[in-house]
Structure formats: structure tokens, C-alpha cells
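Undergrad: Can you keep this structure in mind? I'll have questions shortly.
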Amino acid sequence: MSIFTAISDFYESTHLHEQVVGVDYAGLFTNPWFMVPFVAAIGYLLFKKSFKDIVLIAVLGFVWWASGTDYMGSLIVNNELQMEKILPVVFGGAAALGLVIYILFGRSD
């Protein structure tokens, strides 16, 4: 069994795509149990002038959002990876990873 089969089986068993697609964004960003700590954390990071942490939170938020798009849902059809659609995902992931590595290790504060 290859590593890609194991990853695909894990992805399908967790139903991650359905969970991300099923998020009620309007409900999440109007829920005070989410917004109060989130705004407090962002405010604290702004107070500390820790912009690299804010950028990392933004990158993680974007990856979370992107994983629930219809494009990501169409990458696997009939248990087969669509090779013509995977290249933009690979380059986007590499760019995000490069940004995170640059922020964490490439420059000093």
C-alpha cells in the first residue's frame, strides 16, 4: 500500500471536506464564544506588534478556507486523483510553505 493510498483513505475516513464545506461562516463569525477570544488574540498580537504571528494565522485561515472549496472537492473523482488539477494545489501549497518557512526562519525581528 502506497503512502498516497494511505493519505487518501485517511482523508476519506475523516470526512474533512464535508466538515469544512458544512461550516456556517456567518454563524461562526457572529458567535461571541468564537469572536471574543479571536478578537482578543488578534488585539494582543497587534499590541505586541507580532505581525508574523498574524500572518501565520492568516495563512492557516486561508488554507482552511481553500480546503473547503469546490475545486478541492473535485480533486478526487471515483477514488482517482485528477492529475490535471493537482498542479495548482501543489504550487499553492509550496508557496504557502515557503512563506511560513521565510517568516519563521528567514528573518529576525
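Undergrad: Less than 20 Å apart at the alpha-carbon level, and either on another chain or at least 8 residues along: which aspartates and glutamates does that give for K52?
TA: By straight Cα distance, K52 reaches D109.
Undergrad: I want to make sure I understand the PRE zone here: with the label point 7 angstrom from the Cα of K48 toward its beta carbon, which residues in segment 67-109 have backbone N atoms less than 11 Å away?
TA: Under 11 Å, as judged by backbone N against the label point of K48, lies no residue of segment 67-109.
Undergrad: Between beta-carbons, use under 15 Å as the cut-off and find the net charge around E12, counting Lys and Arg +1, Asp and Glu -1.
TA: Cβ neighbours under 15 Å give a net charge of -3.
Undergrad: Once you keep just the Cα pairs under 8 angstrom separated by 6 or more residues, what percentage relative contact order results for the chain?
TA: Details: 28 pairs, mean separation 27.8, N = 109.
In percent, rounded to a whole number, it is 25.
Undergrad: Given axes a ≥ b ≥ c from the Cα gyration tensor, I'd like to know whether the chain is rounded (a/c under 1.5), prolate (a/b larger than b/c) or oblate.
TA: Working: a/c = 2.76, a/b = 1.46, b/c = 1.90.
Because a/c hits 1.5 or more and a/b fails to exceed b/c, the chain counts as oblate.
Undergrad: Pulled fully out, how much extra length does the chain show between F29 and I101, if you take 0.36 nm times their separation in residues and subtract their Cα-Cα distance?
TA: Computed gain between F29 and I101 is 23.0 nm.
None of the figures in this text is laboratory data; all of them are computed from the coordinates on show. Predicted model, so just to flag it, every value in this text is computed and none were measured. Cβ coordinates were reconstructed from backbone atoms using ideal geometry, including for glycine residues, and neighbour counts include every protein chain displayed.
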